[in-house]
Structure formats: C-alpha cells, structure tokens
1. Order Ile33, Ile192 by their accessible area, 1.4 angstrom probe, all chains in place, largest first.
2. Using the structure shown, select from Lys128/Lys210; Lys237/Lys290; Lys25/Lys128 the pairs with a Cα to Cα distance greater than 24 angstrom.
3. For Ile39 paired with Asp217, estimate the spin-label separation in nm (one decimal), with each label point 7 Å from Cα along the Cα-to-Cβ line.
4. FRET efficiency for His263 and Ile136, Cβ-Cβ distance as r, R0 = 51 Å, nearest 0.05?
5. Within the stretch 66-152, what whole-number % of the accessible surface is contributed by carbon and sulfur, with the 1.4 Å probe and all protein chains included in the calculation?
Amino acid sequence: MRKTLSQPTYYHHVEHLKEQQGSKKTLWASLLITLFFTIVEVVGGILSNSLALLSDSAHMLSDVLALGLSMIAIYFAAKAPTARYTFGYLRLEILAALLNGLALVVIALGICYEGIMRILHPQTVDVKLMLTISLIGLVVNIVLTIILARSLKGEDNINVQSALWHFIGDLLNSVGVIVAVVVIYFTHWVLIDPILSILISLIIFRGGYKIVKNAWDILMAKVPDELDTDEIITRMKEHPNVLDVHEFHLSAITTGHYTLSAHVVVDNRNDAENYQVINELAAMLERDYKLDHTTLQLEHLKANHLDDPYFEQIK
C-alpha cells in the first residue's frame, strides 16, 4: 500500500513559500484605485477624442489585469508545498510577471501603431477635458508609484516590480498628456498628442522588456546576477577535505529564493567526518551567499569509482 504524507513540512527543512503581507496590501490598494481611475479615463478619452488619454486608459486596464494576476500569484506563493508540487507554487509569480511584461510590450506596440495612424490622420481633441482627466491621473499615478516603490523596498517581489513599471508608464503618460494639452492650447499643434504617445510607448516597452527578461532568466534557471559560480566553487574547494566540486547547479526558484546542488568529492575518511564536511560547506554557503537551500552529494574516490587521471592528480 502506498504511503502518503499529509504534512509537507515533514520533507522540507526550508519552507518553499512566501508570506508577503506587505505586497498583498499594496496590490489590493493599487488594484482598487486603478480600477476606479480606469473607468474615469475610458470615459474621458472617448469624450475628448484624445489618443493620449485612450492609450493611458488602455494601459490602466492592463494594470488592473496585471494586478489581479499578481494577487493570484502571491496567494498561491503562500501555499505550502505538496507531494506533487514539492517546491510549492513559487514559480507562479514568475509566470504572472512574464505575462505582465508581455502585456506591457503588446500595449506599447499598440500605442505606437495608433500614434503613427494619428500622425497620418490628425484629429481634433477636447483640450479642457484632457487637462482635467490628466491632472487627476497624474495625482493617482504619483500616489500608486510611491506606494509600490515603498513596498518593493520592504519585500523583493517581481510582481510588485512589474506593477511599478506599469505605473511608471502611467505616470509618464499623464505627464505627456499634460504637456500635449499645454502645447495644443497655445499652438493648436494636435500632432503633439500622438508624438508624445509614441515616445511614452517606447518607455513602456523598455519596462516590459526588462520584466520579461528577468522572468525569462529565472524560468531558464540562469544563475542570479549577484552570484558568481566560479567564486562559490573555489570557496567550496578551499575546504581542506574537499578534493573537487562538480555537477554544480545554481538557480532561482523565484525572486529571493535560490537553490544550489553539487557533487562534492571528499577524501576517504570515515563517514562521520565526511558528512561534517558537508555540514560545514552548507553553513558557509548560507552565511556568505545566503544560500539556505543546498543539496550536496558526497562522493568518494574509490566508492564512486573516480579513478580517472584527473582525480588521481588531485588526490
């Protein structure tokens, strides 16, 4: 009869979950504020016939979807691992961030296309309504950007980071709309509206690309930028009883959660001393590199038949 484990914590010494209360509160507040202002901007953009406002409202709508997706990811990231998902649901926040980043890229391309069409076919806009909506949007986006920036300092979360980029784009769009209003009011040059929208779309594209790249690096098991594999392997080999380190793998499960596995060749002492070497290496990795999830496999020269010329040389 197959035995099942009802308590996942029995087979994990490191918790594969993230309790992110600060991020949850931040994203909930941002979601409600954004949802309200999205409705305001959609109505204002249609009534004023402003591409800048409509592009901003489209971006705000993507923010609502992105924040909702981020909330789902954070909720699942807090769930304990199971027998099937032994790392828990931490990777879900990376998938959510990837989708959010891709949404930013698509929105930026869409705004750029509409801007080009407006340059080819200029349209009149309601300047006063544009100014009213954009001023409200500026205040809203400043508040949201500050809230998210402060939250990111407290908790490293790629979804909060992607939400922050969304609102930085919104903030720039609001500034761009105000600039467009001023220029149109004094010069009647309506092309400034689509031109500024195109410039802002490029900034939004850059933010989306950065989020996609960060998420892609984690999904592809890239070594985190702040860690150096050669340095870590060298430090491990400096232990007097370590002959070699190979099958070395270092990657991130999600932001701030790293995992390392390696085979460690030790000299042929007794088992107790060899396992003490492993404990000392694990302690060093956690102390100096914040790597608290390490899997180190012992190998002996004779027991593992490591008798090739290389290992003979390092004995």
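The values are calculated or read from the model by the stated rules, or taken from the named source; none is laboratory data. Keep in mind it's a predicted model, so treat the numbers as computed, not measured. Ideal geometry is used to build each Cβ from the backbone, glycine not excepted, and the neighbour counts take in all protein chains shown. Please note that ligands, DNA and RNA were not included when accessible areas were found on the heavy atoms of the full protein model with its side chains. Shrake-Rupley method; radii C 1.70, N 1.55, O 1.52, S 1.80 Å.
1. Ile33, Ile192
2. Numbers: Lys128/Lys210 36 Å; Lys237/Lys290 18 Å; Lys25/Lys128 35 Å.
Correct reply: Lys128/Lys210; Lys25/Lys128.
3. Each label point is offset 7 Å from its Cα along the Cβ direction, giving 4.0 nm.
4. Details: r = 60 Å, r/R0 = 1.18.
E between His263 and Ile136, to the nearest 0.05, is 0.25.
5. Details: 3210 of 4370 Å².
Summing carbon and sulfur atoms, their accessible area is 73 percent of the total for the stretch 66-152.
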